[in-house]
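The values are calculated or read from the model by the stated rules, or taken from the named source; none is laboratory data. What you see is a predicted model; the values in this text were computed from it and never measured. Note: ideal-geometry Cβ built from the backbone for every residue, glycine included; neighbour counts use all protein chains shown. Areas reflect the complete protein model, heavy atoms only, side chains present, ligands, DNA and RNA absent. Shrake-Rupley method; radii C 1.70, N 1.55, O 1.52, S 1.80 Å.
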Amino acid sequence: MAETIVGYKLLQDNLRGLNGEVQYVAGQWVTVPGNGCYVSIFGENLYAAGDGPVFARVECRERVLVPDAPDGVQCFRYVMVMPVTDPAILAQLAKDENPNVRCAAAGQITDPAILAQLAQDKYPNVRWAAATRITDPAILAQLAKDENPNVRCAAAGRITDPAILAQLAQDENPSVRWAAAARITDQAILAPLS
């Protein structure tokens, strides 16, 4: 039996690879042509191919040597993907030392306590991912003041408080301003922004 290596991969909702060329089937071995399946072994460069909504654990066999594969990424001929949806596993991954793994886990987590912890992560991509899932108004208000504009923008997309949205609509970053303005329905608040 060939050695099995475990890594992580981001996929489309339908379990297709991000480039759309390979259809994976949860729990079944799939043969991947060409350079094989690009897999992040330790969470490093997990986002090298882009961002996908499905965070999957990947069992891999038969490594394919691809000289230009990103650091921390290996390619394999045979893979079996398992979307990570178990709350207990996601909770463990939320504590992973690699911020890319924490970020991907945050995109799947629904537990408010874990999301609150991730909203305080030192890495902005992890805070951003948490901000896209958080519903707690107090935590969103904190994230609206984050130093990173991507985090503020994600928070603006979830905030419902008109006063906070009005502040964000005057943010120095245009993406944050647009995200906030799109959520404001009170014409009295919108008028001065025009």
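General remarks:
- For the range 47-87: rounded, prolate or oblate by the Cα gyration tensor [a/c cutoff 1.5]: oblate
- Between Ile41 and Gln170, the FRET efficiency from the beta-carbon distance, with R0 = 30 Å, is close to 0.10.
- A probe of 1.4 angstrom, applied to the heavy atoms of all protein chains, finds Lys9 with accessible area near 30 square angstrom.
- Dipole moment magnitude, nearest 20 debye, the range 48-142 about Cα centre, only Lys, Arg, Asp, Glu C-beta charged: 40
- Each residue of the range 144-155 was assigned a 3J(HN,Hα) from its phi angle through the Karplus expression (A = 6.51, B = -1.76, C = 1.60, θ = phi - 60°), giving 5, 9, 4, 5, 8, x, 5, 5, 4, 5, 4, 4 Hz with x at Gly and Pro.
- Gyration tensor verdict on the range 1-73 (Cα atoms; rounded if a/c is under 1.5, prolate if a/b is larger than b/c, oblate otherwise): rounded
- Normalised by the number of residues in the chain, the average gap of Cα pairs under 8 Å and 6 or more apart makes the relative contact order 14 percent.
- Stokes-Einstein D for the chain, Kirkwood Rh over Cα pairs, 25 °C, 0.890 mPa s (µm²/s): 136
- Rounded to 10°, Cα long-axis angle of helix 174-183 versus longest principal axis of the chain: 70
- Computed 3J(HN,Hα) for the range 31-47, one whole-Hz value per residue from the Karplus formula 6.51 cos²θ - 1.76 cosθ + 1.60 where θ = phi - 60°, is 8, 10, x, x, 6, x, 8, 7, 10, 7, 6, 10, x, 6, 6, 4, 9, glycine and proline marked x.
- Taking each residue as 0.36 nm, the span from Trp178 to Asn148 lengthens on full extension beyond its C-alpha to C-alpha distance by 9.2 nm.
- The apolar share of the surface of the chain, taken as the fraction of accessible area on carbon and sulfur atoms (1.4 Å probe, ligands and nucleic acids excluded), comes to 51 percent.
- Summed over the residues of the chain and divided among them, the accessible surface reaches 55 Å² per residue at a probe radius of 1.4 Å.
- Dipole axis of the chain (+1 Lys, Arg; -1 Asp, Glu on Cβ), positive-most option in Tyr8, Pro162, Ala105: Pro162
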